[in-house]
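To keep things clear, I will list the structure first and then write my remarks on it.
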Amino acid sequence: MSTPTATRTLLEVDDLHVHLGESHILQGVSFQVPAGGVTALLGRNGAGKTTTIKAILGLVGRSGSIRLSNRELARMTTHEIVRLGVGYVPEEREVFSELTVAENLRLAERDKRPRYDLVFDVFPELKQRRAQAAGSLSGGQQQMVAVARALLNDNQIILVDEPTKGLSPLMVTKAASALKRAAQAATLLLVEQNLQVARNLAEKVVVLDEGRVAYTGDVADLLADPALARRYLGAGGH
Amino acid sequence: MLRQPRSGRSTVAAFVIFALLAAIPFVDFEIPGLFNGPLNEPGTLQLLALCATFAGVALSYNLLFGYTGLLSFGHALYFSTGIYVADILLTRYHWALLPALAATFAAGIVLPFVFGAVSLRVSGIAFAMVTLAFAQAGSILALENPGRLTGGEEGLGLDVTNLPNFLIGVVNTRYLYWIALAYLVLTFVICWWAVNSRPGKVWLAIRENERRVEVMGLNPFAFKLLAFTLSGFLATLGGIVYLLLLGGATPEVTTANLSLALLLMVVLGGAGTLWGPALGGALYEYLDFRLLKLSSSSEIASLPGWLRAPLAEPLFILGALFIVLVFFFPGGIAGIAGRLRRRPRQQPIPVDVEVPPEVAQ
Amino acid sequence: MSTVILLLVTGLGLGALYFLIASGLSLTYGLMRVLNFAHGIFLTVGGYASWWIAVRLPFGDPWRFLVALLGCLVVGAIVAAAVEIGLIRPLYRRHVEQVLVTVGLALAFTALVQGTFGPDPISYPAPSWTQGVTQLAGANIPNSRLLAIAVAAVVFLVLSAFLRFTRWGLIVRAGVENRAMVAALGIDVQRAFTLVFALGGVAAALAGALGALYFGNIDPERGTATLIFAFIVIVIGGLGSFTGSALAAVVVGLLQQFMNYYASVYWGFSAAGDLSVVLLLAVVLLWRPQGLLGRSVG
């Protein structure tokens, strides 16, 4: 049994519903993310993980309550939410290919003193490729830019959506260690299909199944039980 | 999704309505305020025939825009193809009626097919602009009067020597009215078929989500081209009727203004519904006729200058109507009727297409 | 030879006007995915505002023209911003309805101008030096064409610098690619929309004032007539590509000018230029649907 600690709740999602076209994708999702550390958001393909992230950011229409440090986000627009201190590393990287690396980072600057020293410490390669068009970067390098954008500012929480997708094993390790550094500076809500990475990085887990929360608890407890893991995460765990 | 009209009751209703409309030339009844004379008088019949014609042409555009979601700004091109090709063949080359009709039918199939094949290489906004450009080319040609065929700015009066007698003369307006009505019924039936047929379902699917259609293993381009060609052909037919009604061709029918008027007719009536655009077309044509009289009337002339200037311009009212419609009645008349009757199945599809990135076919 | 030079310069002059209108359209479409049919009214506003101001100023050229020009740019910016905030913004993401509303606005506004100032072209008090000619390689080049080319070149450089070196320019360039992600970086994209719309309005108003010099008069229909060619230009250049619209504007202007001249001389057919522009559009679509400099998707 996990020891309850007196950590405050940073992000509280309550009865979140999302409809896209005819589909009812999120059917009343409720969970909490404690401040500090990493919370993993797991589930099979199509369970609604990315939709949850997008709903928190206001990138899709949603109803329900989303509170960040007791500020209600549900009525706010995306850029207002982000300005509260929310970083975002999207599933498809979504770097701007026509802009250089430096321009991609400059665009992401929000604070008076963006933390370039931290960014270039974690990703020295980006410093070298500052003037390179982001579209000509490899997948792994684009992922660096995507994470760097979130590291640049002082964020309360960073929403990370499948950061290791499509990366070579070497890049996966690099990405994981970069995220570990990020977790020192901000709370992470991490969507991952790679259970090894999730176990490595996260303490708590929220599992979604068909648009609803199916399980919350410690990562270690979930992954120690193979039957439980298989039921919620499908046969693709590794 | 567009709900299928419940076949039984709607079929009877449609039949009754068309039977009533067909009977009008026998009705010696006056509706003061709406029309200047009794219903069976040639002047009134002429106006009703024009309304029926545009109702049909609006339905043809609805097939393209309302059902398949293809926003074309050049539909006037095919309408004016019907008018000008038939007029030129009958008047300049003195063809007999049936060959002229056959040739016009052929033009009404070949032209939209060719232009559609090129235009549909792009989608969304680029497609809209390309259709506009092609229609502009047609307009330029009509005005340029190459080989003195089109009559240029003055237009081309129709030479009636090769027309059967029952189509000539004011006293025979009733026959033209019935032809216009037959045209409306034809387009209505074809659109009805479209809702229930396989191509029709694919068109609706394309409007909703083209990717999914591809994933289903179908070729959206072929279906879009079919919709484009069919709707162009129906517009050409309407052009022939219009030519007979007006007795000539003028370049106004080739302009972008007419394409935009068709768009307004469909939006006014309710894009994607069955009877909405027909009503929109008829209503628009009627208003166009009456507003022309209104704008030159004494009531408007007595208004203060700043009010008179805009109201005296019919295009101002048209434009303002567009804006009001979009903001307050995006579902058009059919939408209002649907809300009044609270029947969800009558709800027209909202005029909203998520514009995809411009993709090559 | 002097004919060729003349055609070259006048073609570039025409291309300059097209560029001024198309640049705003291109950026607006690229960033907002809005097809602004009312863009032509900014040209009309520019022409009529500069005329209205010019005939009321107590002093003469060159200050009269410059003040009128400045005034019409301000009016253009205000009208454009008003249109964006009042009509476009409330319909956010409803792209087809945005198109319909701009269509309605274009019709209503043109009719309003016709009703207020009359449907006929009004003669424009052009500064005398713009009505003169300059000798260039044996050809007599109208100065108004040279002015148009110079102004368009300056606008191109200024807008390019804006896009490349300023933060808002960066936001616009990124937004053209992916505006949702720009918002997800904490940037208020709506403000970028209004800015781009206003910039487009200013450029189009400039085209209106220069067009008044070019044609010697202002005309309620000119906005819509030129707009159609501007649409063709941005499709040929590639939707959303700023440099594409510049390149395509030059090509279209030259093609139109050369074809109109030679076809009318040899065949008596004066609209061949306009038609060949449409033909060029068809050719580009068949060969490269994304336009000359557009990005092919997928």
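A few points about this structure:
- Any hit, region C:86-101, residues being aliphatic (A, V, I, L, M) and within 17 Å of the chain's Cα centre (by Cα): no
- Considering residues of region C:110-166 that are among the aromatic types (Phe, Trp, Tyr) and away from every other protein chain (no Cβ under 14 Å) only, the residue nearest to B:ALA256 (Cα to Cα): C:TYR124
- Residue in region B:115-132 that is facing another protein chain (nearest Cβ under 10 Å), under 19 Å from the mean Cα position of the chain (by Cα) and not in a helix (DSSP H, G or I) present: no
- Being closer than 20 Å to C:VAL235 by Cα and polar (S, T, N, Q) holds for only one residue in B:SER123, B:SER60, B:SER80, and it is B:SER123.
- The condition of being crowded, with 16+ Cβ neighbours inside 10 Å and away from chain C (no Cβ under 14 Å) holds for only one of A:ARG71, A:ARG75, A:ARG67, that being A:ARG67.
- Among the candidates A:VAL119, A:VAL95, residue that is closer than 16 Å to C:ASN178 by Cβ, touching a residue at least 12 places away in the same chain (Cβ under 8 Å) and crowded, with 20+ Cβ neighbours inside 10 Å: A:VAL95
- Any hit, region C:233-246, residues being under 24 Å from C:GLY71 (Cα atoms), within 10 Å of another protein chain (Cβ to nearest Cβ) and at pLDDT 90 or above: no
- Unmet criterion (only one of (1) more than 18 Å from B:THR68 (Cβ to Cβ); (2) surrounded by fewer than 19 Cβ atoms within 10 Å (Cβ to Cβ)) for B:TYR175: (2)
- If you go through region B:100-145 and pick out every residue that is more than 15 Å from C:SER276 (Cα to Cα), free of Cβ contacts under 8 Å to residues at least 24 places away in the same chain and not polar (S, T, N, Q), you end up with 6.
- For region B:58-65, the criterion of being among the aromatic types (Phe, Trp, Tyr) and in contact with a Pro (Cβ under 8 Å, 6 or more places away or on another chain) is met by at least one residue.
- Scanning region A:148-171 for residues that are under 17 Å from A:GLU92 (Cβ atoms) and in a helix (DSSP H, G or I) turns up A:ALA148, A:ARG149, A:ALA150, A:MET171.
- Scanning region A:83-114 for residues that are more than 7 Å from every other protein chain (Cβ to nearest Cβ), part of a helix (DSSP H, G or I) and not small (Gly, Ala, Ser) returns A:VAL101, A:ASN104, A:LEU105.
- Of all residues in region B:221-236, at least one satisfies being without any contact (Cβ under 8 Å) to a residue 60 or more places away in the chain and surrounded by fewer than 16 Cβ atoms within 10 Å (Cβ to Cβ).
- Considering region C:129-172, the residues that are small (Gly, Ala, Ser), outside any helix (DSSP H, G or I) and in contact with a Ser or Thr (Cβ under 6 Å, 6 or more places away or on another chain) include one that is nearest to C:ALA183 (Cα to Cα), namely C:ALA139.
- Candidates C:GLY60, C:GLY76: the one that is more than 9 Å from every other protein chain (Cβ to nearest Cβ), surrounded by fewer than 20 Cβ atoms within 10 Å (Cβ to Cβ) and either closer than 29 Å to B:LEU264 by Cα or not basic (Lys, Arg) (or both) is C:GLY60.
- Residue list for region A:154-185, restricted to those being closer than 13 Å to A:ALA198 by Cβ, of a type in the set (Val, Ile, Thr) and touching a strand residue (DSSP E or B) at 6+ places or on another chain (Cβ under 7 Å): A:VAL160
- Test for C:GLN98: is it outside any loop (DSSP other than H, G, I, E, B), within 14 Å of chain B (Cβ to nearest Cβ) and either under 16 Å from C:GLY47 (Cα atoms) or of a type in the set (Ser, Thr, Tyr) (or both): no
- For region B:250-269, the count of residues that are in a helix (DSSP H, G or I), touching a helix residue (DSSP H, G or I) at 6+ places or on another chain (Cβ under 6 Å), at pLDDT 85 or above and farther than 30 Å from B:ILE140 by Cα is nonzero.
- Residue in region C:131-140 that is free of Cβ contacts under 8 Å to residues at least 24 places away in the same chain, farther than 23 Å from C:GLY238 by Cβ, among the hydrophobic types (A, V, I, L, M, F, W, C) and surrounded by fewer than 22 Cβ atoms within 10 Å (Cβ to Cβ) present: yes
The values are calculated or read from the model by the stated rules, or taken from the named source; none is laboratory data. Values in this document were obtained by computation on a predicted structure and should not be read as measured data. As a convention, Cβ positions derive from the backbone with ideal geometry for all residues, glycine included, and neighbour counts pool all protein chains shown.
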